[in-house]
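Participant: First the structure, then my questions, so here it is.
The values are calculated or read from the model by the stated rules, or taken from the named source; none is laboratory data. In this text the structure is predicted, and so the values were computed from the model without any measurement. All Cβ positions, even for glycine, are placed from backbone atoms using ideal geometry, and neighbour counts span all protein chains on display.
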Amino acid sequence: MKKPLIPALDGHRTKADIIKAAVDIGHSPLSGIIHYWKINDAAHLERSTGQAVIKALRRAIGKDRSCGIFLDLKLTETNGSLGNIARHYADSRPDILTVTGKVSTRGFIELRRILPKTKIALVSVLSDITEEECRFRWCKSVQDLMISEIEGIQDYYRRLKSYTDPATAFDMVVCSPDEVGSLSRRFSWLEFVVPGIRDAWMVNGQQARFSGIVRTLDNGADYVVIGAQIARGNPEKGITAEESRNLTLSELERRGKA
């Protein structure tokens, strides 16, 4: 069975709170379809490091070694700084690391060499940016801007890489539900990770480009990142986190996705 779910463990203040949230979701009916656990601001806690959080999560996952860690740092640094950051995570070894399209090609090469077992995921236009804002700021549609970055980085990477480096600068692309259909068909050799999952019983929250979980998977997403929908539910409509998890699973089961 495909395991497309990536719970987002965001917005917690301590390592203990993060582990508690992971255990709570991990004991829910969704447990059988979780592939990765995503941390973002959890890597910047006052009394813990990102490396310590990753190691604690791995212990909490226990015997289920099929679940990996998605380190969502969205890195934007020079290649030397990227190398320094990557070395900090060489021991904890995240399974996925996000990097923005503003990074130099040499930066991608640096990450590939220091973290050879980590999948690199390209992040381009964040899901809280509207199509209108994208066109205003970059004079391109979201889709065209992402195509330009994917093709440009890959083409230049092939010029610079050595024969021992991986064939591609990155393995995955993070995009919204709006672009995943066309991008996954055009770049079928990449995996697509899609945030912005909001089903009918949820509010939009910070997302500007979003869709329901089944439509997103049908359109070509390999993985979906879900935060509030399984962490909090929708208290304004009286829907608890537990109810929202059950509704999410029912959507997937009804369409044969779980």
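Participant: When the residues of the range 104-127 are narrowed to those that are β-branched (V, I, T) and out of contact with any strand residue (DSSP E or B) (no Cβ under 8 Å at 6 or more places or on another chain), which ends up farthest from S148 (Cα to Cα)?
Facilitator: Ranking the qualifying residues of the range 104-127, first place goes to I114.
Participant: Right, R93: at positive phi, at pLDDT below 95 and of a type outside the set (F, W, Y) or not?
Facilitator: Spelling it out, R93 is indeed at positive phi, at pLDDT below 95 and of a type outside the set (F, W, Y).
Participant: Further question on the same structure: Taking the range 156-165, which residues are loosely packed, with under 15 Cβ neighbours inside 10 Å and either among the hydrophobic types (A, V, I, L, M, F, W, C) or part of a loop (DSSP other than H, G, I, E, B) (or both)?
Facilitator: Hits for the range 156-165 are L160, S162, Y163, T164.
Participant: Moving on to the next point. Taking G101 and the conditions (1) closer than 23 Å to I150 by Cα; (2) in contact (Cβ under 8 Å) with a residue 60 or more places away in the chain; (3) touching a strand residue (DSSP E or B) at 6+ places or on another chain (Cβ under 9 Å); (4) not hydroxyl-bearing (S, T, Y), which numbered condition does it fall short on, given that it satisfies the others?
Facilitator: Condition not satisfied by G101: (2).
Participant: Moving to a separate point now. Could you please find all residues in the range 190-200 being outside any strand (DSSP E or B) and acidic (D, E)?
Facilitator: D199 - this is the single residue of the range 190-200 that is outside any strand (DSSP E or B) and acidic (D, E).
Participant: OK, next. Give the number of residues within the range 210-237 that are of a type in the set (D, E, K, R) and either in a strand (DSSP E or B) or modelled with pLDDT of 90 or more (or both).
Facilitator: Of the residues in that region, 3 qualify.
Participant: While we're on this one: Name the pairs: first residue in the range 196-208 and free of Cβ contacts under 8 Å to residues at least 60 places away in the same chain, second residue part of a loop (DSSP other than H, G, I, E, B) and among the polar types (S, T, N, Q), Cβ to Cβ under 7 Å, at least 6 apart or on different chains?
Facilitator: R198/N204; R198/Q207
Participant: May I pose another question? Quickly run through the range 133-149 and pick out the residues that are out of contact with any Ser or Thr (no Cβ under 8 Å at 6 or more places or on another chain), among the hydrophobic types (A, V, I, L, M, F, W, C) and either under 17 Å from L183 (Cα atoms) or in a loop (DSSP other than H, G, I, E, B) (or both). So that I can check it myself, show each step before the final result.
Facilitator: Start the filter on the range 133-149 by keeping residues that are out of contact with any Ser or Thr (no Cβ under 8 Å at 6 or more places or on another chain), which leaves 133, 136-139, 141, 144, 147-148.
Now narrow it down to the ones that are among the hydrophobic types (A, V, I, L, M, F, W, C): 136, 138-139, 147.
Within the range 133-149, C139, I147 meet the criteria.
Participant: Separate question: Do any residues in the range 166-178 that are in a loop (DSSP other than H, G, I, E, B) and surrounded by 24 or more Cβ atoms within 10 Å (Cβ to Cβ) have Cβ atoms under 9 Å from those of residues that are among the charged types (D, E, K, R) and at pLDDT 95 or above, where the two are at least six apart or on different chains, and which pairs are they?
Facilitator: Listed by first residue and then by second, the contacts come to A169/R112; A169/R158; A169/K161; F170/R112; F170/K119.
Yes/no matrix, rows are residues, columns are (1) at pLDDT below 90; (2) in a loop (DSSP other than H, G, I, E, B); (3) touching a Cys at 6+ places or on another chain (Cβ under 9 Å):
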{"site": "S188", "(1), (2), (3)": "no, yes, no"}
{"site": "M202", "(1), (2), (3)": "yes, yes, no"}
{"site": "A208", "(1), (2), (3)": "yes, yes, no"}
{"site": "E253", "(1), (2), (3)": "yes, no, no"}
{"site": "K257", "(1), (2), (3)": "yes, yes, no"}
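Participant: R158 fails exactly one of the following numbered conditions: (1) at pLDDT 95 or above; (2) within 25 Å of N40 (Cα to Cα); (3) of a type in the set (K, R). What is the number of that condition?
Facilitator: Unmet for R158, out of (1) at pLDDT 95 or above; (2) within 25 Å of N40 (Cα to Cα); (3) of a type in the set (K, R): (2).
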